[in-house]
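In what follows, a structure is listed as structure tokens, so that the remarks can point back to it.
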Amino acid sequence: MVELEKEVLPLPPRYRFRDLLLGDWQADDRVQVEFYVNENTFKERLKLFFIKNQRSSLRVRLFNFFLKVVSCLLYIVRVLLDDPREERDCPGCLRQNASAHNRSHFDWSLIIWVNRPLPLWALQVLVAFISFSETMLLVYLSYKGNVWEQVLRIPFILEMISAVPFVITVILPSLRNLFIPVFLNCWLAKHALENMINDLHRAIQRTHSAMFNQVLILISTLLCLIFTCICGIQHLERAGNNLTLFDSLYFCVVTFSTVGFGDVTPQIWPSQLLVVIMICVALIVLPIQFEQLAFLWMERQKSGGNYSRYRAQTEKHVVLCVSCLKIDLLMDFLNEFFAHPRLQDYYVVILCPAEMDVQVRRVLHIPLWAQRVIYLQGSALKDQDLMRAKMDDAEACFILSNRFEVDRFAADHQTILRAWAVKDFAPNCPLYVQILKPENKFHIKFADHVVCEEEFKYAMLALNCVCPATSTLITLLIHSSRGQEGAAGSVDQWQRTYRRCAANEVHHIRLEESKFFGEYQGKSFTFASFHAHKKYGVCLIGVRRMDTANILLNPGPCHIMGASDTCFYINISKEENSAFVRGHREPVRGPGGESRGVPQTIYHGLTRLPVHSIIASMGTVAIDLQDSSDSSPEGTGPPALGSGTVSRSGSRTEVGGCNTLALPAMGGSAEERRHSIAPVLEVVDRVHNPTFDLLGDQSEDEGGEEGKEEEEGEQKGQWWGAHCEWVKGYPLNSPYIGSSPALCHLLQEKMPFCCLRLDKACHHMPYEDARSYGFKNKLIIVSAESAGNGLYNFIVPLRAYYRPRKELNPIVLLLENVPEADFLEAICWFPMVYYTVGSIDNLDSLLRCGVTLADTMVVVDKESSMIAEEDYMADAKTIVNVQTLFRLFPALSIITELTHPANMRFMQFKVKDHYSLALSKLEKKERERGSNLVFMFRLPFAAGKVFSVSMLDTLLYQSFVKDYMISITRLLLGLDSMPGSGFLCAMKITEEDLWIRTYGRLYQKLCSSTGDIPIGIYRTEAHKLPVSESQVSITVEDYEDTREPREPLLCRSGLHRNSTSSEPPSSSSQAMDHPLLRRKSMQWARRLSRKGGRGSSGAKGVGSAAERISQQRLSLFRRSERQELNALVRTRMKHLGLSPSGFNGMTDPGNRLSYILINPSPDTRLELHDVVYLIRPDLLSPVPNQAGTRKPSAGPAEGHRFDTQDSTHL
């Protein structure tokens, strides 16, 4: 046991409690490690102070520069105190007058010895000693093993020449008056200045300009050359002309400027030799410096230099970041940005990694833009370039994607990185980002404003199919214009009206600050909208509460206007720029010709608004309104509005199955006819929450029970009625992140993928062509290269819940590539949505997808064709294909997307169309005037038949001034569905609606009945042109022979005035013929028949065969181009097994033009087939209750109407 105890070792200190308390274990185990031991030596500390440390090194170099300048000044003082004619007190000096020698014989002692006073010598010795000590210390600290590298440096040699002799004179006083070339210290001062500038920029942590350094070096070199020459000539001429410093300066300036007067010249050969040497040095050194300066100047011109920080702090600027700057993009940005008066003082800094091309350079040299636009070549991913653009001081940063990139996803990725880089560098700078693909939008949700190109594009094209020319409407609203386009060259009435209405834009103002809307505080929204339009000509379309950021378009009559509400209205100019002129209405002639005065107040019991309070520029508003005091409470007058069920879900507004715009029944007296429109109520009486049936359809209630049963019977006869039922809900599968939820018509069970293919049969559906499906409505065909996620936004607006089921058009996607499963999963829930694989340039593909049954064809620009060797040739294939499609199917409404707006002039191109040539001249004049709407008078654009996605760029630019424009545009297009916000729809004026007469009366009728807000008119007119002989001769071949009478060119244009109408022309209109064309056709037929008769009589042996050949030949000659195209289509349809019945290729739209009137004046006359744009209230929002006269069995649509009080009659 004892031995075992001896073998047990004691515990280590860290395990003993006593040592743990005493802390002995810490001293035993911890080892202190010192870092950077080498830097603690004396040499390293000196090196840190004199070289490595930026601030201390800057101080040392500044002190060195000061010493060199002081030494040069002391030399000048010595020269001014020196007189070579005095006697020299020095060993070996010869007493001789300086003027007694010539060029060959002079006194060298005057050159070697000088007169240096003792105090001056002491100062020079002190400066030289300090300078020499500093130089030797820097040599010691910079020594790295090669001493000759330090000794043979030019600054070291100059230091030894100018400092060591002074140190020697301290030891040898007899050499005190020895000449020492101290003026060479100017070169050492130049060297110290260069080092000092470098340390200065390192110390303040800012990048410096190479241009500044090079200019500084050039100036320093030139000064050093002149100073060296001055001092050298002056000293050497002590033995000659005895020149002063000023004489030497005069001589050097005259010599280096190559003037050479010759009045002052060197007299001895050493001074002459010095002049030669200095000229040679100047000829070598200065050109090198100038070359480097010129090179840096050219590089600076390419890169753009820097934006001044002083200007950034005193002036306002925005930054435009693009990867490739095109001239069209630049001009669109500049014209739209500087169109606003308060942006005139802003600067635009363009940051682009590419070099400025010739066209952009030429534009930026124009004085209008040269002082306000600065081009910087650089990348937004580099902090140095962002610092050059002063991004942290910018008011906004616009980041645009390159839509001409081959890979659009790569272009979006570059945009995302730029946005991240700018947000990281300048977190407080507002970002305005343009993105191409919707699936990349969620990466930049932090940006203040985002415009997704494909989202807006497809939604706009979709609304073009149901609301004609929506793309033109939106484009005109987001472009800044004063209505002056075409003012000089427009001769037609439609151009003047179209130009004036195109100047309308969306503006905003707080209600309590507004004269337009301030008096309607506490009134309903529809009341304020109607009376503001009647009184001032402005169209109130939306409102925003102060406590929310959501904008509501037409919130309906339930919304009560508050003082803090922000009102959004359409007008030519904002209220702040408007002048109010009081005018009086003139007497109006009654039906009997007698003059009757208009009463001073329209509503005696409601509003007491004076009639004469209107804007003089808007003209008088002739509206016959009803006095509420005249209404019959007993119900003996016309029926009340609340007597029927009203539906506002369709394109027509109906009451109890009848049109609400229809003229009510006449009473016993003619005076009751005038009281035809109900007044708009100030405040509705009762509000309740509606019960909206998601499984029902508002259109089913419009025709009552009979219409519902009829529709159900038709649905059972169709395959989709038996397959599954329709419901209303939110799509289950979205193809990308960030899509806004929208209530749509959906299938209760999703469609199998095989059934989505229209042109191929499957075990579910045996059909292989569109005609076999038996669609009730005409098709909408979309031709695209591939099924991108943006195409989803084309389907959603066309399947919105507020569109009646009976009016939904089947959608057929004509794709060149087979869509992916993710896209099919997203669209398989929508009813009547199909796809086929084919191309627009293939007639068989068009016929298989049902082009003969289609009403609208949408041609989307191909992404692969956007890249072309010549920019504007990117649309070549699309334009030619659409032109072919137009010639084959003239009755088809074709909506085309182009890359460049300038190519609109080639749509439906006609060579000898004189009117198109006149419009082309008008467009050229507008381009010369600098208008940003040069294409607005082109007929395809005015009619909404062509659209370019580049038109959406101005939406992002305008958002800088109007931050609400993107939100309003998304609400109009249906991309966002805000609860309580209305939607855009259209209504067509028929013959039964013409009793309303004017746009102002229509405004009142809609506001008082359905709560709709009209914002514009789409008008189609017959365009009559004088027919010249050349036009007739060209048009002859397009007509049938005399046995098939055709509709004449001028007569048929006046029959169908609306291009959106799909009704075929009547047979009576086709029975008419043009007399001149008929006469020429008869002459050609007789001539050909005579030739055929002579040929057949000469060949009696052939007989009937020759006659048959002659008849065929005659028919071929007489066949027109239109007949050939029809025969081609019918032949291909028969070949594909399609029935050609129903194909009418002879329909010609004629000479018609269509255009848009945004917010026309109230006295604008309504015409037949006008399409009125409406903003309809949300069907799901709380609405006013109806009157007690409503039938209890009216259906679920009862809750969507509002009461107009029993005392109000139609």
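Scanning the stretch 913-929 finds no residues that are open to solvent by less than 10 Å² (accessible area, probe 1.4 Å) and of a type in the set (Phe, Trp, Tyr). Answer yes or no: is there a residue in the stretch 176-192 that is in a strand (DSSP E or B), modelled with pLDDT of 85 or more, of a type outside the set (Asp, Glu) and touching a helix residue (DSSP H, G or I) at 6+ places or on another chain (Cβ under 7 Å). Checked the stretch 176-192: at least one residue is in a strand (DSSP E or B), modelled with pLDDT of 85 or more, of a type outside the set (Asp, Glu) and touching a helix residue (DSSP H, G or I) at 6+ places or on another chain (Cβ under 7 Å). Among the listed residues Pro287, Pro341, identify the single one that is surrounded by fewer than 20 Cβ atoms within 10 Å (Cβ to Cβ) and more than 23 Å from Ile366 (Cβ to Cβ). Among Pro287, Pro341, only Pro287 is surrounded by fewer than 20 Cβ atoms within 10 Å (Cβ to Cβ) and more than 23 Å from Ile366 (Cβ to Cβ).
Residues that are open to solvent by 10 Å² or more (accessible area, probe 1.4 Å) and within 32 Å of the chain's Cα centre (by Cα) within the stretch 836-859 comprise Ser839, Ile840, Asp841, Asp855, listed in sequence order. On the basis of being outside any loop (DSSP other than H, G, I, E, B), closer than 18 Å to Leu193 by Cα, open to solvent by 30 Å² or more (accessible area, probe 1.4 Å) and at pLDDT 85 or above, does Leu216 make the cut? Judged against the criteria, Leu216 is not a match. The strands (runs of 3 or more DSSP E) located wholly in the stretch 714-826 that include 1 or more residues which are over 27 Å from Leu1180 (Cβ atoms) occupy 779-784, 811-815. Taking each residue of the stretch 513-526 that is closer than 20 Å to Ser981 by Cβ and looking for partners that are of a type in the set (S, T, N, Q) and open to solvent by 10 Å² or more (accessible area, probe 1.4 Å) with beta-carbon atoms closer than 9 Å, six or more apart or interchain, yields Lys523/Thr607.
Here Glu1021 clears all of (1) modelled with pLDDT of 90 or more; (2) more than 30 Å from Cys452 (Cα to Cα); (3) among the charged types (D, E, K, R) except the condition numbered (1). All conditions but one from (1) without any contact (Cβ under 8 Å) to a residue 60 or more places away in the chain; (2) among the small types (Gly, Ala, Ser); (3) more than 29 Å from Glu768 (Cα to Cα) apply to Ala874; the one that does not is (1).
Cβ-Cβ contacts under 9 Å between residues 6 or more apart (or on different chains), taken from a first residue in the stretch 536-561 that is in contact (Cβ under 8 Å) with a residue 12 or more places away in the chain to a second residue that is open to solvent by 50 Å² or more (accessible area, probe 1.4 Å) and aromatic (Phe, Trp, Tyr), are listed as Tyr536/Phe580. Filtered by the rule that a residue be farther than 24 Å from Ser71 by Cα and either open to solvent by 20 Å² or more (accessible area, probe 1.4 Å) or among the aromatic types (Phe, Trp, Tyr) (or both), the stretch 228-250 gives a lone residue, Asn241.
Scanning the stretch 760-786 for residues that are open to solvent by 20 Å² or more (accessible area, probe 1.4 Å) and within 39 Å of the chain's Cα centre (by Cα) yields Asn777, Lys778, Glu785, Ser786. Quick one: is Gln292 assigned to a helix (DSSP H, G or I) and either surrounded by 13 or more Cβ atoms within 10 Å (Cβ to Cβ) or touching a Phe, Trp or Tyr at 6+ places or on another chain (Cβ under 9 Å) (or both)? For Gln292, the condition - assigned to a helix (DSSP H, G or I) and either surrounded by 13 or more Cβ atoms within 10 Å (Cβ to Cβ) or touching a Phe, Trp or Tyr at 6+ places or on another chain (Cβ under 9 Å) (or both) - is met.
Yes/no per residue for (1) open to solvent by 50 Å² or more (accessible area, probe 1.4 Å); (2) modelled with pLDDT under 85; (3) part of a loop (DSSP other than H, G, I, E, B); (4) farther than 18 Å from Arg238 by Cα:
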{"position": "Ala27", "(1), (2), (3), (4)": "yes, yes, no, yes"}
{"position": "Glu34", "(1), (2), (3), (4)": "yes, yes, yes, yes"}
{"position": "Ser71", "(1), (2), (3), (4)": "no, no, no, yes"}
{"position": "Asp89", "(1), (2), (3), (4)": "yes, yes, yes, no"}
{"position": "Asp107", "(1), (2), (3), (4)": "no, yes, yes, no"}
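Close Cβ contacts (under 6 Å, 6 or more residues apart or on different chains) running from residues in the stretch 1134-1147 that are modelled with pLDDT of 70 or more to residues that are open to solvent by 70 Å² or more (accessible area, probe 1.4 Å) comprise Pro1140/Arg1130. Cβ-Cβ contacts under 6 Å between residues 6 or more apart (or on different chains), taken from a first residue in the stretch 388-407 that is under 9 Å from Val318 (Cα atoms) and of a type in the set (Ser, Thr, Tyr) to a second residue that is open to solvent by 20 Å² or more (accessible area, probe 1.4 Å) and modelled with pLDDT under 90, are absent.
The values are calculated or read from the model by the stated rules, or taken from the named source; none is laboratory data. If you're wondering where the values come from, they're calculated on a predicted model, not measured in any experiment. In this analysis, Cβ positions are derived from the backbone assuming ideal geometry, glycine residues included, and neighbour counts consider all displayed protein chains. Keep in mind that these areas ignore ligands, DNA and RNA; they rest on the heavy atoms of the full protein, side chains included. Shrake-Rupley method; radii C 1.70, N 1.55, O 1.52, S 1.80 Å.
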